[in-house]
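As structure tokens, the structure follows; a few thoughts come after it.
The values are calculated or read from the model by the stated rules, or taken from the named source; none is laboratory data. What you see is a predicted model; the values in this text were computed from it and never measured. Note that each Cβ is placed from the backbone with ideal geometry, even for glycine, and that neighbours are counted across all protein chains shown. Only protein heavy atoms, including side chains, enter the accessible area calculation; ligands, DNA and RNA are left aside. Shrake-Rupley method; radii C 1.70, N 1.55, O 1.52, S 1.80 Å.
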Amino acid sequence: MASSAQGLYSLATLIKRLEAITSRLEDVEDSRSAGHLKRQSTSTVTSAAVVETPSTSTPPPRPPAIEVQAAVPRTVTAYDEIVIEGKLKPFLEINKAIASPPLNEQVDLFAKVLATLRSVLHQAAACRKPDQKAFAEILSPLQTGMESVTRAKEAARKERDWFNHFTVIADGTAFVGWVTVEPKPGPYVNEIKESTAYYANRILKDFKEKDPRHAEWVRAFNGVLDGMKRYVMEFHTTGLVWNASGILVSEYKSPRSQPVSGPPPPPPPPPPPPPPPPPQAESVSSPAAPAGGVAAVFADLNRGADVTKGLRKVDKSEMTHKNPALRAGNVVPAGSGAAAKKPVKPTKPQALMGKKPSKFALEGNKWIIEYQENESALEVANVDITQVINLFACKNTTVIIKGKVNAVTLVNCTKTSVLVESVVSSVSIMKSPSFTLQITGVAPTIQIDSTDSGQIYLSKQCLGVEITTAKCSAINVSLPVEGEEDGVFEEQAMPEMLKTVIQNGKLVTTIVEHAG
């Protein structure tokens, strides 16, 4: 037993020495490739010395970790092949050939959004599905990129010949939002493509005779969306696929080469040296000031009368109550002490970071009008009976709807006016104070909820309308005066005060009417 144990010990010692020799030889090879001949000879001598070291010496250090490149998941390589290489690069080439510099900048931002999406796909292939909060943090860079593309569109409103191109890119960038759609993200990508068709067709019409390359530009951009749909339908059919046996999102690192080495791990490095002492501020008084905090307060109090020795006598020229000119200027001379620094006012772009981009587009059969401000006459023309008009978060805006639509909805709008000819189903107003609604044709129902202050103008054909209110106040309805010309209205207030009594075990509610 003793001989076998001794043999094992010798074998282990021999293995450790061979590992040390291998490590040294690798260092020699690295130094030789770098051209440090002198360092090479030193390493060779050192390695030879290690060979002659007796086995009783302390074991040599562990060999360095070997860098192994992590394999790229199939979902990511397919994304590169189908979307990036197959569709995005041809689009970038045709765009660079014909686009203006501002449009090139927006398209570069669009390409960065797709690169950010690739990082999200890589993380999903390595991690288990996170909760909503962690998922929102993962999507934050993607959302920031989409907002930058939209801001580029808003900044290019003066580019009249190219604004349709800017709009196509800005509206089409929303297709990366399929990562949040379940269980059918593929049709969502197709819906985004359809929402860009209106402006894409205008590009084809405007440049049909001028430059046929713009038609290629439209086809190339639609190809990016088609490629994304194909990729989603093949690899993420029911939603973004996560790795059920992967790591936690908090443990994930961006794709880099991961070190692979055997146990045990090396000891941690020594702690950093303590930071240098802060620079001593110039003091007016000769004695050194005590440490800060409560102890410093009591230390100053214990000094008694000496506590005021460090104060400086104020000259009469610096006293505002004895110097009217100084009091009028409300300025203390620079010699009286260091002036407090004023806070830096943020620049205009940073101050507007929280403002949402406006939107005015037809998506399928829905007109989306969002975040419009101070627009005096937004006109929605060429509508049909199947379309719905949705207004959200508009302010000081007037919307004119020409034609007969299915429905009109106002949500979270302020001081917004809507002029509509006819509505098939209803007009719904929710949380939109100080609204104005005028119906020149017919509407069967008007629903108002959680809204204060509003004005409704009805036509003679619309007197059969039903108006439903809930949690509303100061709602007035203007009715046309019989026998008068068009445009003459009589204003009547909607009742707000109700009286409820109990009759035969039931609640009976009536309107409170004031006489006199």
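In terms of distances greater than 32 angstrom between alpha carbons, the cross-link table entries K87/K402; K210/K359; K205/K431; K89/K210 yield K87/K402; K205/K431.
Within a straight-line Cα-Cα reach of under 17 Å, K184 can be paired with the following aspartates and glutamates, leaving aside sequence neighbours fewer than 8 residues apart in one chain: E194, D226, E234.
Let me know the whole percent of all Cα-Cα pairs from the range 379-516 that are separated by more than 27 Å. Intermediate values should be presented prior to the final figure.
Values: 2331 of 9453 pairs.
Summing the P(r) of the range 379-516 above 27 Å gives 25 percent of all pairs.
The range 125-236 gives an Rg/Rh value of 1.04, both radii derived from C-alpha positions and Rh following Kirkwood. When you count the other C-beta atoms within 10 angstrom of each residue and take the mean per peptide, 377-383, 150-156 line up highest first as 150-156, 377-383.
Could the peptides 414-420, 496-502 be put in order, highest first, of the mean number of other beta-carbon atoms found within 10 Å of their residues? Walk me through the intermediate numbers first.
Values: 414-420: 20.1, 496-502: 9.1.
Per-residue Cβ counts within 10 Å, averaged per peptide and sorted highest first, yield 414-420, 496-502.
The label-point distance for V512 and K460, in a model that sets each label 7 Å from Cα toward Cβ, rounds to 3.8 nm.
Extending 7 Å from Cα along the Cβ direction at V488 and again at R128 yields two label points whose distance is 7.7 nm. Normalised by the number of residues in the range 407-516, the average gap of Cα pairs under 8 Å and 6 or more apart makes the relative contact order 17 percent. Normalised by residue number, the volume inside the convex hull of the Cα atoms of the range 394-445 is 62 Å³ per residue. Rounded if a/c is under 1.5, else prolate if a/b beats b/c, else oblate: with a ≥ b ≥ c from the C-alpha gyration tensor eigenvalues square-rooted, which is the range 451-516? Cα axes put the range 451-516 in the prolate bin.
In the assembled protein chains, Y457 presents an accessible area of approximately 70 Å² (probe radius 1.4 Å).
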